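Report on one structure; see the data block that follows.
Taken together, the values in this text are just the output of simple stated rules run on the coordinates, not laboratory data. Computed from a predicted structure; not experimentally measured. Here the Cβ positions follow ideal geometry from the backbone for every residue, glycine too, while neighbour counts run over all protein chains shown.
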Amino acid sequence: MKPIASEIAYIVRGSARKNLKVLTAYCSFLACMVFGYAFLFQHLMQTLEGREFSFIAGVYWVITVMTTLGFGDITFHSDPGYIFAGIVTISGVVFLLILLPFGIISMFLAPWIENRLRYHPLLEVPPGTGNHVVICGLDPVTRALVRKLQARDIPFFLVISQYEDVQRLEEVEGIRAVYGDPSDLAVLMKLGVERARNVIVNLGDKENINIVLTVRSLCSTPIVTMVDEPEHAELLRLAGANQVVPLKKILGRYLATRATTKGAFAHVLESLGKLLIAELPVHGTPFAGKKLRDALIREQTGLAVVGVWERGKIVIPRGETYLSEQSVIVVMGARNNLEKLEKLTGELPEQDMVMIIGHGRVGCSAASFLEHKSVPFILIDKVVNSGCTEHVAVIGDATSREILKGAAIDQAQGLIATTNDDSANILFTLASRHLNPHIRIAARANREENVAQLYTAGADFVVSTTSVGSNILMNILEKRDSIFLSEGMNIFRHPVPETMDCRTLQSCRIREKTGGTVIGLERGRQEEPIIIPSPETILTSDMTMILIGSPEQEARCRELLH
Ligand code: ADP
Ligand code: ZN
């Protein structure tokens, strides 16, 4: 039996919702009619028969007459009164006893019955389905993944155990999901998991383990699973998962990297072999207020600047790109290059101080990352995190300015807003920006639509759970060696194709054809990579290119280089 809530949900959406408006308007019309008649009744009784009745008595009389109950306790004794009573009775029969039930049946009951009879959820994938992606669990991350899969024409099937979710997904978003419990062996067989290219499992940790075990008992299809508690990752691997994605831990690390202001190594975002990719805030460095050409970063450190962030927007830098106090440069280079940068900026991580709001899994992961990098931090949370014995948080509601001031927000160099409440994160961002204009703010966005608001509130970096999660899954599915910098910018690798062997980089016209930019060339594991190769560099087919570009540019590059 489906819960009543889903039936109510049916009434308040789609065409039924429009009909509900018509019904409300009709009921308002009936109410006006009753009050109008009651007023006339009062007036006629007084003028025709000299009798006084209250307005309530009038409403009572109209209702008994319109519903044809006619108790007979209040009656007219004159011809005009009889005529009026007759009109009220007839309008009651027409508007209340005929039109109202007819309307309710035709607008609600009939479509509802029709809908119940018509809708048959999908119970298995069509015969012959193969090389598809099976996705267990629907949340914003898998929703975003579904959009990416649709854009790339990769076949997929979602399996959902809630009947009403299956129906809503199909009616509202046009996505046909399979109805069933993904931990049920029979359902998995109907999904054709043994012929699938991947199974993505994204429910709670316990359910994930159950599903992974069931899939493994059936076939060896690669399984990618999300994990909430990092300590469950090992169990999931033991159960048979090929890849376990600790999304919250990754988010915490991303946020921490972007909130620290000192110590180049604390900014290392990712590594591509020997190449490290780091993001460095310009504020407080000798580069602030200069054009990239005049900052001489390459000359002094050997690092290549591959991108410049300006409040949530990343641009491919040119010589004339201006480095403001708010800019963050994305640099790429080897370990020794970063060491030179650290010496040049002359700042040690111990001089930094980062405030982390929220000691959930994301906050805890950010704290562990900073601890590992020797960056001092203060944690604030409303409650004690019983799952963590390593960190001690200041207990208090960070939406209060007093708590923020008490925790020395004015002395902090960075702030990480990690709660799972976007409105609260927006509030911390606004308040902290006001209390400390130069603070670096990295905020977590739980919903995609709040990313822009967080930037407007003054965040320097917004890391969206949905984007990060869906990008990681997409990279795994496409077996790509790609780094997600932000929504709209990836760093990726591709071997130099035979067709470009012995040609200069310039003659291949990769940027003109695809929009992607080659930022590095690697040859074997031993040799030092070439960073920002000059246009005259000769490409050879034993090289691997490192490129930067938007997802569309990446797709075009992969097509060109294939
Ligand atoms: P996750 O595990 O995904 O990081 P949680 O909901 O478990 O998410 O963690 C969010 C943390 O943020 C919780 O520990 C919660 O107590 C804390 N939090 C939420 N709102 C505030 C607030 N106004 N001030 C301080 N801490 C907050
Ligand atoms: Zn902790």
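Points worth noting:
- Three-way shape call for the stretch 167-252 based on the alpha-carbon gyration tensor, with the a/c threshold at 1.5: oblate
- Lys/Arg +1, Asp/Glu -1 at C-beta; the chain dipole; positive extreme among Leu561, Ala443, Val59: Leu561
- For His132, neighbours were defined as the other residues whose beta-carbon sits under 10 Å from its Cβ, and their charges (Lys and Arg +1, Asp and Glu -1) total +2.
- Close amide H partners of Ile441, meaning residues 5 or more places away or on another chain with modelled amide H under 5 Å apart, are Leu415, Asp460, Phe461.
- Over the chain, DSSP H runs of length four or greater, each weighted -39,500 (n - 2.57), average out per residue to a 222 nm ellipticity of -12500 deg cm²/dmol.
- Centre-to-centre separation between the Cα atoms of the stretch 415-462 and those of the stretch 177-227: 36 Å.
- Its convex hull of Cα atoms gives the stretch 43-85 a direction-averaged projected area, equal to a quarter of the hull surface, of 2.8 nm².
- Only one residue of Asn208, Asn471, Ser365 has its Cα farthest out toward the positive end of the dipole of the chain, where Lys and Arg carry +1 and Asp and Glu -1 on Cβ, and that residue is Asn471.
- Amide proton proximity set for Ala334, modelled H, under 5 Å, gap of 5+: Leu276
- Only Lys, Arg (+1) and Asp, Glu (-1) charged, at Cβ; the stretch 498-554 dipole about Cα centre in debye: 140
- Entries of Lys373/Lys405; Lys343/Lys382; Lys313/Lys405; Lys249/Lys291 with Cα pairs more than 28 Å apart: Lys343/Lys382; Lys313/Lys405; Lys249/Lys291
- Cα gyration tensor shape for the chain, rounded if a/c is under 1.5, else prolate or oblate: prolate
- A simple rule links phi to the HN-Hα coupling: the Karplus curve 6.51 cos²θ - 1.76 cosθ + 1.60 with θ = phi - 60°, which for the stretch 184-189 gives 8, 4, 5, 5, 4, 5 Hz, with x for Gly and Pro.
- For the chain, the longest principal axis of the C-alpha atoms and the axis of helix 247-259 are separated by about 60°.
- C-alpha center-to-center spacing [the stretch 491-528, the stretch 50-128] in angstrom: 76
- Note on the stretch 412-562: Cα-Cα pairs beyond 20 Å make up 58% of the total pair count.
- Table column - 3J(HN,Hα) (Hz), the stretch 213-225, Karplus curve with 6.51, -1.76, 1.60, x for Gly and Pro: 4, 5, 4, 4, 5, 9, 7, 10, 4, x, 10, 10, 10
- Only Lys, Arg (+1) and Asp, Glu (-1) charged, at Cβ; the chain dipole about Cα centre in debye: 980
- For the stretch 349-430: rounded, prolate or oblate by the Cα gyration tensor [a/c cutoff 1.5]: oblate
- Extreme residue, positive dipole direction of the chain, given options Pro155, Gly302, Leu185 (C-beta unit charges): Gly302
- With at most 11 other Cβ atoms within 10 Å, longest stretch of the chain clear of loop GluC sites (Glu not before Pro) (DSSP): 53-319
- C-alpha long axis of helix 14-49 to longest principal axis of the chain, angle in °: 30
- If a spin label sat at a point 7 angstrom from the Cα of Asp410 along the line to its beta carbon, the backbone N atoms of the stretch 429-450 nearer than 17 Å would be those of 431-440.
- Degrees between helix 335-345 axis and first principal axis of the chain (Cα, 0 to 90, nearest 10): 80
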